[in-house]
Amino acid sequence: MPCWQRLRMQPDLSVVIPLFNEEQSLPLLVRRLFPALDALGRSYEVVFVDDGSSDRTVEQLQLLVEARSRAVRAILLAHNVGQHLAIMAAFKQVRGRSVVTLDADLQNPPEEIGAVLQALEDGADYVGTIRGIRQDDWWRRTASRLLNRIREHTTRIRITDQGCMLRGFDRHVVDSINRCRDVTPFVPALAYVFARRPVEIKVSHEPRAAGKSKYSLLRLIRLNFDLMTGYSLVPLQLFSVSGIAIAIGSIFFVIYLAIRRLVLGPEVEGVFTLFGIAFFLLGCVLFGIGIVGEYVGRIFEQTQNRPRYVVAHILGDSQFVPSCQKEISA
Ligand code: UDP
Ligand code: MG
């Protein structure tokens, strides 16, 4: 498509919403999303991404695209690849001058999109958000606090609230993200890397409108390993530095034991203390190997060069993209 034609068709705002088995939330979302967008008085498009749902999400998207074909497109991914890769798939297709991401479950109220857009129009090129009072289970809030803390200390990414996905991106940030080939991306961190004028604003947070969270504890841990391994070498450096410290400490310990042997003769006391120390160190070594494994596994996936996701179909936009398109992470 010629550049001038793309510019003419460029809406002020693109809203990106990933969905994974959200048949219960989607009708509720639609009821609030479009009035909120109409109230902004800007041209907009909504790009839904179905992340391999097995419920009736796709059928609902089909009906929605038929009803609102001028403002809605739906990218159907062939398999579930996770929220962040799903958003990356949508970023390849968005045309807006500004882009806002939103969850489908109404935890981020669509009425807050206006505040995010305003911050972008005031000159920010990336708008992060901080949730007011979080409406999540206690274990999610505790885990998030802990993981936020770890990320603060291990990466240079300064995000107050990494879990909230109501975020705004200027076109140039989206274009830069589109050039990335990460197999395990974390979209807010990528945006932070490319933004020149990032800001954060406070938004409200609501309980999930319907259905269940798609993040189990294991999935949450995996996501945070993606974030840590993708943006920091600190965990590896921590292990090499503590390895050096323990090695130096053990030299003094051996000298001390040798002197005791000479002065007091052979001793057998303290065997269990020694066991304790040995088990502790063994645990540290296994943990270290695990961390190295997390990095090696991701390097392995990256070098395989497989498609990160497969777009099975795009509804509502036959003019722009082929109906079956593979994204190769080359
Ligand atoms: N999601 C997705 N793919 C996944 C998991 C989640 O597209 O593999 C979507 C989900 O449908 C929702 C958003 O990402 O729109 C956030 O998910 P969820 O609300 O389950 O996360 P939580 O709020 O519990 O962090
Ligand atoms: Mg949610």
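The values are calculated or read from the model by the stated rules, or taken from the named source; none is laboratory data. Computed from a predicted structure; not experimentally measured. Glycine also receives a Cβ, built like all others from the backbone with ideal geometry; neighbour counts cover every protein chain displayed. When the accessible area is computed, the model is the full protein with side chains, heavy atoms only, and any ligands, DNA or RNA have been set aside. Shrake-Rupley method; radii C 1.70, N 1.55, O 1.52, S 1.80 Å.
Under 19 Å from a label point 7 Å along Cα→Cβ of SER54: give me every residue in region 295-319 with its amide N that close. Those under the cut-off are 310, 312. Sequence-ordered 3J(HN,Hα) estimates for region 269-283 from the Karplus curve with 6.51, -1.76 and 1.60 and θ = phi - 60° stand at 5, x, 4, 5, 4, 4, 4, x, 4, 4, 5, 4, 5, 4, x Hz, glycine and proline given as x. Between amide H atoms placed 1.01 Å from N, distances below 5 Å from VAL49 occur with ILE17, LEU19, ILE75, all of them 5 or more places distant or on a separate chain.
Among the protein heavy atoms of region 101-177, carbon and sulfur supply 51% of the accessible surface, probe 1.4 Å, non-protein parts ignored. Largest GNM mean-square fluctuation across GLN237, GLN60, GLN83, computed for the chain with C-alpha springs under 10 Å, falls on GLN237. 3J(HN,Hα) along region 107-121: 5, 9, x, x, 5, 7, 4, x, 5, 5, 4, 4, 4, 5, 6 Hz, from the Karplus curve 6.51 cos²θ - 1.76 cosθ + 1.60 with θ = phi - 60°, whole Hz, x for Gly and Pro. Gain on full extension, evaluated as 0.36 nm per residue between ARG68 and ILE248 minus their Cα-Cα distance, stands at 58.0 nm. Amide H contacts of GLN107 (H built 1.01 Å from N, in plane; Pro and chain starts excluded): ALA209 sit under 5 Å, all sequence-distant by 5 or more or on other chains. Look at the dipole of region 41-151 built from charges on Cβ: of SER54, VAL100, THR129, the Cα furthest out on the positive end belongs to THR129. Accessible area per residue for region 183-330, computed on protein heavy atoms with a 1.4 Å probe, is 66 Å². Couplings 3J(HN,Hα) of region 155-162, computed from phi: 10, 8, 7, 9, 10, 5, 10, 6 Hz, in residue order, whole Hz [Karplus 6.51 cos²θ - 1.76 cosθ + 1.60, θ = phi - 60°; x for Gly and Pro]. Rg then Dmax, both in Å and based on the Cα atoms of region 129-244: 15.4, 51.
Element breakdown for region 14-95 at a 1.4 angstrom probe: carbon and sulfur atoms account for 48% of the accessible area.
Remark on ALA312: its backbone amide H falls under 5 Å from those of LEU76, LEU77, ALA78, a criterion applied only to residues 5 or more positions apart or on other chains, H modelled at 1.01 Å from N.
The charge dipole of the chain, taken about its Cα centre with unit charges on the Cβ of Lys, Arg, Asp and Glu (plus for the first two, minus for the last two), comes to roughly 500 debye. Ordering of 62-72, 15-25 by packing is 15-25, 62-72, highest average first (other Cβ atoms within 10 Å, averaged per residue). Using C-alpha pairs under 8 Å with a sequence gap of at least 6, the mean separation divided by the residue count of the chain gives a relative contact order of 21 percent.
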